1. Quickly run through segment 31-49 and pick out the residues that are out of contact with any Cys (no Cβ under 7 Å at 6 or more places or on another chain), within 25 Å of G110 (Cβ to Cβ) and either part of a strand (DSSP E or B) or open to solvent by 50 Å² or more (accessible area, probe 1.4 Å) (or both).
2. Which of the residues belonging to segment 51-103 are within 25 Å of G18 (Cα to Cα), open to solvent by 20 Å² or more (accessible area, probe 1.4 Å) and in a strand (DSSP E or B)?
3. So which of V81, V71, V100 ends up being touching an Asp or Glu at 6+ places or on another chain (Cβ under 6 Å) and more than 17 Å from L4 (Cβ to Cβ)?
4. Does V168 count as surrounded by 19 or more Cβ atoms within 10 Å (Cβ to Cβ), part of a helix (DSSP H, G or I) and of a type in the set (V, I, T)?
5. Just one of (1) in contact (Cβ under 8 Å) with a residue 60 or more places away in the chain; (2) surrounded by fewer than 17 Cβ atoms within 10 Å (Cβ to Cβ); (3) of a type outside the set (F, W, Y) trips up L139, so point out which.
6. Can you give me the number of residues within segment 10-28 that are in a loop (DSSP other than H, G, I, E, B) and within 11 Å of L156 (Cβ to Cβ)?
Amino acid sequence: MDTLRGRLLVATPAIESGPFLRSVVFLLDHDVDGALGVIVNRPLDSEVDDVLPDWAGLVNAPVCLFEGGPVAMDSALALGVIADVAPAGWRQMAGRVGLVDLEAPLPGHGEFTGLRVFAGYAGWGADQLEAELEEGAWLVVDALDTDLTSPQPETLWREVLRRQDDDVRFWTTFPDDPSAN
């Protein structure tokens, strides 16, 4: 089994509603037991300062919590893109992207080129994601570090699709509400 860890899942128009509608998910883990990731394009109205005030000054704009997924929305996890050397409390997931221990000492300014805090996560059981991929619910594409910390996460779904080399770029013109077309 080839792992999809460190790649993006981009929701296709086959997902017509629910928490994954037009979502972009960064996969943190993927193996025979299932997959785990965070939705990187769903900013919430809650500010990081409201739940983790010490971390607010280290988070990229917009400085809010992100809906990481429908599982465990009452828990927080952070992803950081390291600048150069991995700081204490950072665990590599893929390339320069890793999980940040929110209980560890605060990193110094400049140790991360990007940092986001997520409420909840997305999870799939064994073979569940593979079945959704076969159904055409997801497109798997390479992730850029900047996808995780886009200053305009609301446009990320379209941006990721636009940079693909094939016809999936045309999905960016798919209306938000196809019944209104």
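The values are calculated or read from the model by the stated rules, or taken from the named source; none is laboratory data. Predicted model only: the values in this text are computed from it and were never measured. All Cβ positions, even for glycine, are placed from backbone atoms using ideal geometry, and neighbour counts span all protein chains on display. Accessible surface is based on the protein model in full, side chains and every heavy atom, while ligands, DNA and RNA are left aside. Shrake-Rupley method; radii C 1.70, N 1.55, O 1.52, S 1.80 Å.
1. V38, D49 - these are the residues of segment 31-49 that are out of contact with any Cys (no Cβ under 7 Å at 6 or more places or on another chain), within 25 Å of G110 (Cβ to Cβ) and either part of a strand (DSSP E or B) or open to solvent by 50 Å² or more (accessible area, probe 1.4 Å) (or both).
2. If the condition is that a residue be within 25 Å of G18 (Cα to Cα), open to solvent by 20 Å² or more (accessible area, probe 1.4 Å) and in a strand (DSSP E or B), then E67, V71, A72, M73, D74, S75, A76, L77 are the ones that fit.
3. Numbers: V71 fails: touching an Asp or Glu at 6+ places or on another chain (Cβ under 6 Å); V100 fails: touching an Asp or Glu at 6+ places or on another chain (Cβ under 6 Å).
Exactly one residue qualifies, and that residue is V81.
4. On the way: surrounded by 19 or more Cβ atoms within 10 Å (Cβ to Cβ): no; part of a helix (DSSP H, G or I): yes; of a type in the set (V, I, T): yes.
Spelling it out, it is not the case that V168 is surrounded by 19 or more Cβ atoms within 10 Å (Cβ to Cβ), part of a helix (DSSP H, G or I) and of a type in the set (V, I, T).
5. (2)
6. Of the residues in segment 10-28, 2 are in a loop (DSSP other than H, G, I, E, B) and within 11 Å of L156 (Cβ to Cβ).
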